[in-house]
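Notes follow once the structure below has been shown.
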Amino acid sequence: MIKKVITLSLACTLGLVAAEVELEEITVETQVGSELIKDVSGEDIKSADLGEALFKQSPSVSLVRRSGIANDVRVRGQKKDNIVVTIDGTKVNGACPNRMDPPISHVLTNNVDYIEINEGPFNVEDFGVLSADIKVHTIKPKKEFSGEVGLNAGSFGYKKAAVSVSGGTDTVRLLLSASTESSEQYKDGNGDDFVGQIDRNIKKGVAPASTQYQPKYQNLDAYKKKTLLTKLFWNITDNQELKLSYTANRSDNVLYPSTKMDALYDDSDIYNAEYVAKDLGAYSKELSVQLYQSNVEHPMSFKYRKAAIAKGFYITHKLTTKMQGAKLKNSFDLENHTLSMGLDYSLRNWDGGYLKNDKPLPEKKYHSIWDVDTDNKAFFIDDSINLGKLVVDLGLRYDDTQVTSGNPKQQANDYNELNGYAFATYKADKSTKYFAGFGKSSRVPDGKELYWVGLMGNPIGTPNLKATINYEFDLGVEKEYENASYKAKVFYSKLEDYIAYNSSNKKLMMGKKLTWNAYENVDATLYGFELSGSYYATDSLYFDYAMAYQRGTKDKPLKGQTGTDLPDIAPLKLNAAINYDYGSSLNLRAEVIAADAWDNIDYENGEQKLNAYAVLNLKATKTFSKNIELTLGLDNVFDKTYAVSNTYKDLVLITTGGDNNVMLMSEPGRYFYANLKYIF
């Protein structure tokens with residue numbers, strides 16, 4: 001029956017402690033309290049949007065809806081640089097200061113093998129893990145010649161084709177994966193597409209008429225996207241391996257209806273090289289060296305909007321970012337200790353400027369983010385101490401970080417921090433584990449928060465921000481029965497110098513009140529709980545559920561304001577499903593995703609109250625022989641109109657002014673999809 005519980009984790013993502021789950025050629029070991037989402041490429045086939053897939057899989061993940069694709073995520077109410085996303089160990093950053101191209105959007109579901117969601121400050125190996133990290137692991141090449149071809153179709157003109165091929169020898173293995181997809185503008189439960197949603201908000205007085213699409217652009221597709229993933233794994237000797245990979249993402253004309261601009265294109269390239277040597281001696285069980293680089297280019301413009309006609313020109317805000325990193329890590333056993341220590345280095349460059357009718361404006365006057373470098377050097381050490389039923393994990397990390405701007409008028413900032421954690425797991429018996437941990441973590445302000453300059457020359461960033469520090473305590477239990485299991489955990493976090501957006505900070509400039517030094521440090525408190533579990537009624541019928549709740553408050557109001565609710569803290573959320581296996585070839589699943597009303601809001605900074613919602617999704621997967629698989633799905637069966645993402649003004653959204661006259665983006669209405677996969 002334990003095998004059934006592990007199988008159920010495909011749907012329920014139950015955390016495992018020091019438990020080894022076989023995934024074909026690899027073994028995954030996760031810390032207690034973590035979530036493990038497996039077989040993403042096989043299960044999450046509705047679209048390429050990994051953010052939406054995580055929202056459906058994990059109760060602690062909430063969605064930041066911006067478009068039909070490339071949507072952002074929050075974990076426990078934390079987003080942006082408060083969480084870290086890595087793809088096969090590489091850190092990828094988006095170029096857009098408005099989060100149109102978040103890190104999670106640079107990898108697609110069809111290329112993902114499994115994902116780890118690690119909540120809390122219990123990661124010292126990666127830079128800037130304040131409250132959580134999401135580790136994305138992509139598919140790997142196999143020795144046997146194999147692959148799959150997939151064809152997808154869905155409502156709103158969605159089309160996708162994907163192919164992957166893998167093969168090799170005992171020494172060298174290769175992988176090639178490619179995909180192309182596109183979609184028309186989705187319609188919400190009211191039947192409104194992107195144009196219709198803007199019209200609805202214009203009539204409400206929330207959106208200016210100039211933000212509507214021009215008639216000739218109103219039938220544009222929501223996006224077009226192409227991807228390529230290539231990998232080469234070379235077993236140099238019995239104990240040495242070299243892993244090389246390259247990922248390319250090309251997106252064109254991605255529409256963002258609730259903002260003033262759309263992405264003309266989003267291009268990213270990720271290069272990764274890792275060398276691993278095992279059993280080099282008593283003090284080197286495994287030595288790894290990783291080098292990586294990612295490049296992202298993102299031009300956004302109001303070229304397609306009526307504002308371009310009214311003004312007689314259009315502005316394009318073009319940004320680029322490059323992340324370069326290196327990590328050296330050595331692991332070995334010493335008596336009852338498993339030690340890992342290493343050096344971590346990363347350099348992020350972020351640059352952005354403006355163009356008028358595709359001609360660059362003078363950089364010295366029109367430079368939004370001016371060649372900003374974030375240079376981090378760090379040393380880390382982990383120690384896992386096995387004391388029988390009790391395992392104690394300890395970690396330390398020292399960071400030395402400099403953030404500098406190419407603008408000589410903007411000050412440089414140095415940040416030095418010592419972080420660490422202690423995490424204990426007690427295995428009371430074969431089926432019960434208790435865990436508790438305390439940690440301190442930090443993250444530095446980014447180039448936008450420090451140095452961002454508006455088109456009118458107003459400094460939106462605040463150049464003297466402090467780093468945010470998180471002191472957090474987590475406590476939980478995992479329990480397995482013969483036909484059921486559950487996991488419960490609570491957390492309490494004190495955030496020193498949380499970086500908040502203050503829309504009240506304005507100055508009069510050229511006759512207009514413009515945003516001025518909008519980012520501000522404030523102490524805050526965040527706490528919550530999570531509960532998940534599964535129940536097998538029979539060998540064929542089983543249930544899974546998961547819920548999460550968070551609450552966050554500022555210790556005092558921001559300057560010029562009175563409210564203390566922390567922004568981006570989504571309400572109680574429930575994921576629940578019933579599954580039925582009809583033999584070994586047919587699986588039926590009905591799931592409900594629901595959330596309470598969003599009442600605790602940062603009203604003065606754009607958030608608005610959202611209604612509670614509950615949507616029903618249906619899915620059936622049928623396997624024909626060993627090679628053909630057909631999946632049919634129907635999301636939002638009752639065609640509800642609802643929103644999951646709020647309107648915090650840290651994002652530049654469409655507005656007519658005022659505290660919360662901000663356009664709210666509705667979720668897709670009833671959505672049918674079909675996927676046909678041929679496996680060889």
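The values are calculated or read from the model by the stated rules, or taken from the named source; none is laboratory data. Remember, predicted model here, so these are calculated numbers, not experimental data. Using ideal geometry, Cβ is built from the backbone for each residue, glycine included, and neighbour counts are taken over all protein chains shown. In case anyone asks, the SASA skips ligands and DNA or RNA and just uses the protein heavy atoms, side chains included. Shrake-Rupley method; radii C 1.70, N 1.55, O 1.52, S 1.80 Å.
Farthest toward the positive end of the dipole of the chain, out of LEU396, ILE309, GLN212, is the Cα of ILE309, where the dipole comes from beta carbon charges about the Cα centre.
Under 12 Å from a label point set 7 Å out along the Cα-to-Cβ vector of ASN611, the amide N atoms of region 628-642 belong to 640-642. With the Cα gyration tensor of region 58-146 giving a ≥ b ≥ c as the square roots of its eigenvalues, does the rule (a/c under 1.5 for rounded; else a/b larger than b/c for prolate; else oblate) give rounded, prolate or oblate? Oblate shape, in that a/c is at least 1.5 and b/c is the bigger or equal ratio.
Ignoring ligands, DNA and RNA, please state the percent of accessible area on region 207-357 from carbon and sulfur, probe 1.4 Å. Of all accessible area on region 207-357, carbon and sulfur atoms account for 55 percent.
Decide, for the chain, between rounded, prolate and oblate: order the square roots of the alpha carbon gyration tensor eigenvalues as a ≥ b ≥ c, take rounded if a/c falls under 1.5, and otherwise choose prolate if a/b is larger than b/c, else oblate.
Numbers: a/c = 1.42, a/b = 1.22, b/c = 1.16.
Verdict is rounded for the chain.
Placing dummy labels 7 Å off each Cα toward the beta-carbon, the span from TYR246 to ILE309 is 4.4 nm. Within the accessible area of region 430-570, what % is carbon and sulfur when the probe is 1.4 Å and the other protein chains stay in place? Ligands and nucleic acids excluded, carbon and sulfur give 58 percent. Heavy-atom accessible surface of the chain, averaged per residue, reaches 40 Å², computed with a 1.4 Å probe.
Taking amide H as placed 1.01 Å from N in the peptide plane, the amide H of SER34 sits under 5 Å from that of LEU16, each at least 5 places away or on another chain.
Cα centroids of region 634-680 and region 526-575: 19 Å apart.
Distance between the C-alpha centres of region 311-330 and region 182-207: 30 Å, rounded to the whole angstrom. When a 1.4 Å probe is rolled over the protein heavy atoms, the share of accessible surface on region 64-192 that falls to carbon and sulfur comes to 57 percent.
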